[in-house]
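Taking it in order: structure first as structure tokens, then the write-up.
The values are calculated or read from the model by the stated rules, or taken from the named source; none is laboratory data. Keep in mind that this is a model prediction, so the values were computed, not measured. Every residue, glycine among them, receives a Cβ derived from its backbone with ideal geometry; neighbour counts consider all protein chains shown.
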Amino acid sequence: MAGAPLLGVYDFSYAPYALGDALTWTMNLNVAAEEAGCDAIDQVLVIDPERPGNRYQAFVNPHTYTGIIDALLPAFLCSPKLRSLRLLRDAPTFNRLLLGAAARRRPMWPSLLRHLVRRLDFISHRRINAHHRERGSLPWLTAPRGFATWAREFRRWHCAGRFVVAVNIRQGALGHAPANLFRDSPLSEWCAFLRQAEVRFPDVVFLVLGAYQELSRELWRLPNVLAPRAMGLGLGHELALVHEADLFMGSSSGFAAMATFCNKPYAITNVQHQWSRHIGVPVGGRHFPFGGANQVLSWERESASRLLGLLEELRALLPS
Amino acid sequence: MSLALFQGRLANLRRRIVAALHFFPFTVLHLLIHAARKSGGTARTAAAADAGDALPLRTLAWLARLSASGAPQPIDIQLRLPREGEGIGVPDALSAMLTFACVRSIELSWDDRVSATLTDELPEQSLPAHAFEVPVAAEREAQTLLKRLAGGAAVILVHLREPFAAARSDLYFFQLDAAWGFTLHERMALVRAADAYIGASDTLGGTAQLSGRPALLVSGTPGTSEVAAFLDRHFGAAASSTPARSSTSPGS
């Protein structure tokens with residue numbers, strides 16, 4: 001018999017407002033639920049409106065947090081075990097809920113102690129890798145709840161008969177809250193790659209994902225590119241399109257986490273060397289411990305020729 | 001120093017101390033103190049039979065009615081949704097919920113079977129400005145954009161599927177288009193920043209009504225005389241014969 005639903009807690013007073021971290025947390029919840037024998041997950045997101053930020057993101061304050069959480073919420077809809085999602089804007093209410101769960105010995109992640117010491121491992125793949133080592137499989141993420149059919153229809157309507165590559169080019173410098181700009185990818189190289197790909201791979205359509213502010217006009221006008229944000233779509237749609245695409249190519253960032261944890265073929269570029277210890281892959285390693293031959297990590301900064309090489313390599317491994 | 005000022009400073013100092021002590025083992029104290037406190041407010045549950053495009057307006061209408069009803073605040077809301085079927089309206093429904101400051105918690109839960117209780121019915125009166133707020137960044141961008149495009153002219157926000165021929169030269173017609181890439185909050189902020197609204201009776205139409213903006217709500221394309229009468233009623237008769245000014249979509 002399945003156990004009680006797992007309680008997943010994401011407290012924004014110590015966990016970041018970030019797509020990749022939200023998806024890694026969701027993946028960890030899936031793993032924790034499977035290990036605890038739970039067939040459902042109740043997710044609780046906690047924000048104290050008076051102090052909504054955390055030490056990593058000073059730009060989050062009582063006046064800005066609603067816009068920031070609003071842009072991230074679809075990321076919390078990607079667990080197939082999701083039974084409920086609760087957003088709490090009141091610390092006392094959350095603490096009562098937490099104490100009640102602890103009193104009933106309800107399985108939760110992070111554990112009550114981890115929560116109280118405010119140490120959530122929201123970055124590393126430690127637990128995910130260990131689970132894969134032990135069981136040889138992982139409980140993958142899915143498209144956000146209720147978006148899968150829409151994504152199939154989108155593909156049929158806009159990309160019929162074509163090989164679909166979801167692309168994300170990190171352009172943090174153009175975003176609302178620029179941070180860690182050393183992780184941004186060189187836009188000119190990606191533009192050159194997409195222009196050359198139009199000639200070399202005429203059957204491929206690229207869906208360029210990411211915030212509207214980060215969308216380059218040069219990319220927008222390319223005939224082999226579609227930009228979902230410029231079609232009035234949002235993050236939920238984009239995550240569903242990553243799930244529906246044939247391949248993901250993009251910077252090591254939030255959308256790459258989606259491709260990684262929904263088990264798509266991918267080429268993740270510009271992987272930061274400092275990330276090596278968090279993911280359990282030595283610098284230069286080509287695959288995550290749970291990755292297959294068509295799931296490639298590239299630790300170099302992108303160049304058009306390198307990107308073409310990756311597309312060529314992965315296209316040959318994938319059916320048309 | 002006045003007593004009120006002193007009390008304000010004391011409360012501020014207390015908040016700063018509590019914030020500074022937000023680490024273990026003080027987090028245990030927080031947990032116990034919070035858990036012992038009683039909380040007032042209201043809990044409300046509703047259900048939607050489908051979570052598609054209609055969900056955001058229905059959610060907006062539900063919360064607007066709750067907000068106008070005088071129910072004790074803050075409000076904890078639970079929305080039950082069907083497990084199967086479309087769910088593309090969920091993110092925008094969450095966006096709509098976040099605009100209500102009185103909402104303390106939002107819970108979405110998915111069940112195999114739900115009986116719908118949500119409707120499109122908005123309250124008859126508009127809401128006070130503080131009851132219903134879009135994020136400040138969206139407000140700022142909307143105000144700035146309309147100022148840059150229209151200067152001091154009155155702006156009519158147009159939200160129609162078909163192209164709309166601007167009818168008056170003394171007004172600025174801002175035509176929403178998907179290619180602008182606006183989020184729901186940004187679109188709601190534009191409706192609130194504009195002086196009137198012509199368009200669909202959806203979340204944006206609801207926003208115009210709740211914000212007390214003159215609104216011509218239509219299901220298709222409005223007739224020329226209908227638009228002219230609406231504009232004359234709210235902005236007086238046309239004064240000049242210079243060409244009408246209107247935005248064009250960035251994708252066009």
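On the given criteria, is A:S137 under 22 Å from the mean Cα position of the chain (by Cα), among the polar types (S, T, N, Q) and modelled with pLDDT of 95 or more?
Criteria met by A:S137.
A:P223: over 28 Å from A:I128 (Cα atoms) and surrounded by fewer than 21 Cβ atoms within 10 Å (Cβ to Cβ), yes or no?
Yes, satisfied.
Per-residue answers, yes or no, for (1) in contact with a Leu (Cβ under 9 Å, 6 or more places away or on another chain); (2) more than 14 Å from chain B (Cβ to nearest Cβ); (3) surrounded by 21 or more Cβ atoms within 10 Å (Cβ to Cβ):
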residue: A:A177; (1), (2), (3): no, no, no
residue: A:F182; (1), (2), (3): no, yes, no
residue: A:S188; (1), (2), (3): no, yes, no
residue: A:C191; (1), (2), (3): yes, yes, no
residue: A:P228; (1), (2), (3): yes, no, yes
residue: A:L239; (1), (2), (3): yes, no, yes
residue: A:L247; (1), (2), (3): yes, yes, yes
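Quick test of your reading of the structure: A:E153 fulfils all but one of (1) without any contact (Cβ under 8 Å) to a residue 24 or more places away in the chain; (2) under 28 Å from A:E312 (Cβ atoms). Name the failing condition by number.
In the conditions (1) without any contact (Cβ under 8 Å) to a residue 24 or more places away in the chain; (2) under 28 Å from A:E312 (Cβ atoms), A:E153 misses (2) alone.
Just checking, does the stretch A:191-209 include any residue being modelled with pLDDT under 95 and either on the phi > 0 side of the Ramachandran plot or in a helix (DSSP H, G or I) (or both)?
no
Given the structure, is A:R155 under 18 Å from the mean Cα position of the chain (by Cα), buried (at least 18 other Cβ atoms within 10 Å of the Cβ) and not in a strand (DSSP E or B)?
no
Kindly check whether there is at least one residue in the stretch A:17-31 that is in a loop (DSSP other than H, G, I, E, B) and in contact with a helix residue (DSSP H, G or I) (Cβ under 6 Å, 6 or more places away or on another chain).
There is at least one residue in the stretch A:17-31 that is in a loop (DSSP other than H, G, I, E, B) and in contact with a helix residue (DSSP H, G or I) (Cβ under 6 Å, 6 or more places away or on another chain).
Condition test on B:A4, is it part of a helix (DSSP H, G or I), away from chain A (no Cβ under 11 Å) and free of Cβ contacts under 8 Å to residues at least 60 places away in the same chain?
Yes.
Taking A:G161 as the residue in question, decide whether it is part of a loop (DSSP other than H, G, I, E, B) and farther than 24 Å from A:T24 by Cα.
Yes.
Scan the stretch A:158-171 for residues that are among the small types (G, A, S) and crowded, with 20+ Cβ neighbours inside 10 Å and jot them down.
A:A166
Being assigned to a helix (DSSP H, G or I), touching a helix residue (DSSP H, G or I) at 6+ places or on another chain (Cβ under 8 Å) and farther than 30 Å from B:Q73 by Cα narrows it down to one of B:L146, B:L157, so name that one.
Every option except B:L146 fails the conditions.
Every residue in the stretch B:121-180 that is of a type in the set (S, T, Y) and over 20 Å from A:H176 (Cα atoms), please.
If the condition is that a residue be of a type in the set (S, T, Y) and over 20 Å from A:H176 (Cα atoms), then B:S126, B:S169, B:Y172 are the ones that fit.
Just checking: which of the helices (runs of 4 or more DSSP H) contained wholly in the stretch B:162-252 hold 2 or more residues that are in contact with a helix residue (DSSP H, G or I) (Cβ under 7 Å, 6 or more places away or on another chain), touching a residue at least 40 places away in the same chain (Cβ under 8 Å) and closer than 27 Å to A:S216 by Cα?
B:184-193
Among the residues of the stretch A:102-147, write down those that are farther than 17 Å from A:N30 by Cβ and touching a helix residue (DSSP H, G or I) at 6+ places or on another chain (Cβ under 8 Å).
A:A102, A:L112, A:H115, A:L116, A:V117, A:R118, A:G146, A:F147
What number of residues within the stretch A:156-169 are under 21 Å from A:L314 (Cα atoms) and charged (D, E, K, R)?
Adding up the residues that qualify gives 1.
Between a residue in the stretch A:213-227 that is at pLDDT 95 or above and any residue that is among the acidic types (D, E) and outside any loop (DSSP other than H, G, I, E, B), which pairs come within a Cβ distance under 8 Å, given they are 6 or more apart or on different chains?
A:L222/A:E198; A:P223/A:E198; A:N224/A:E198
Would you check if A:N61 is of a type in the set (S, T, N, Q), more than 21 Å from the chain's Cα centre (by Cα) and surrounded by fewer than 18 Cβ atoms within 10 Å (Cβ to Cβ)?
yes
Among residues belonging to the stretch A:68-85 that are surrounded by 23 or more Cβ atoms within 10 Å (Cβ to Cβ), in contact (Cβ under 8 Å) with a residue 24 or more places away in the chain and not hydrophobic (A, V, I, L, M, F, W, C), point out the one that is farthest from B:P91 (Cα to Cα).
A:S79
Looking at the stretch A:293-320, which of its residues are closer than 22 Å to A:S276 by Cβ, of a type outside the set (K, R) and modelled with pLDDT under 95?
The one that is closer than 22 Å to A:S276 by Cβ, of a type outside the set (K, R) and modelled with pLDDT under 95: A:E300.
Can you tell me which of (1) of a type in the set (S, T, N, Q); (2) more than 21 Å from the chain's Cα centre (by Cα); (3) not assigned by TED's automatic domain parsing to the domain that holds A:P228 is the one A:Q196 doesn't meet?
(3)
Can you pull out the helices (runs of 4 or more DSSP H) entirely within the stretch B:8-121 that have at least 3 residues that are surrounded by 15 or more Cβ atoms within 10 Å (Cβ to Cβ) and more than 13 Å from every other protein chain (Cβ to nearest Cβ)?
Once the helices (runs of 4 or more DSSP H) in the stretch B:8-121 are filtered for at least 3 residues that are surrounded by 15 or more Cβ atoms within 10 Å (Cβ to Cβ) and more than 13 Å from every other protein chain (Cβ to nearest Cβ), what remains is B:55-68.
Select from the stretch A:97-139 the residues that are surrounded by fewer than 16 Cβ atoms within 10 Å (Cβ to Cβ) and small (G, A, S) and write down the one among them that is nearest to A:L23 (Cα to Cα).
My answer is A:S124.
Which of the helices (runs of 4 or more DSSP H) contained wholly in the stretch A:231-299 include at least 1 residues that are in contact (Cβ under 8 Å) with a residue 24 or more places away in the chain and more than 11 Å from the chain's Cα centre (by Cα)?
Once the helices (runs of 4 or more DSSP H) in the stretch A:231-299 are filtered for at least 1 residues that are in contact (Cβ under 8 Å) with a residue 24 or more places away in the chain and more than 11 Å from the chain's Cα centre (by Cα), what remains is A:235-244, A:276-279.
Do we have A:D48 as acidic (D, E) and surrounded by 20 or more Cβ atoms within 10 Å (Cβ to Cβ) here?
Spelling it out, A:D48 is indeed acidic (D, E) and surrounded by 20 or more Cβ atoms within 10 Å (Cβ to Cβ).
Does A:L82 satisfy the criteria of being within 10 Å of chain B (Cβ to nearest Cβ) and modelled with pLDDT of 90 or more?
Criteria met by A:L82.
Exactly one condition in (1) in contact (Cβ under 8 Å) with a residue 12 or more places away in the chain; (2) within 13 Å of chain B (Cβ to nearest Cβ) is not met by A:I128; state its number.
(2) is the only condition that A:I128 fails.
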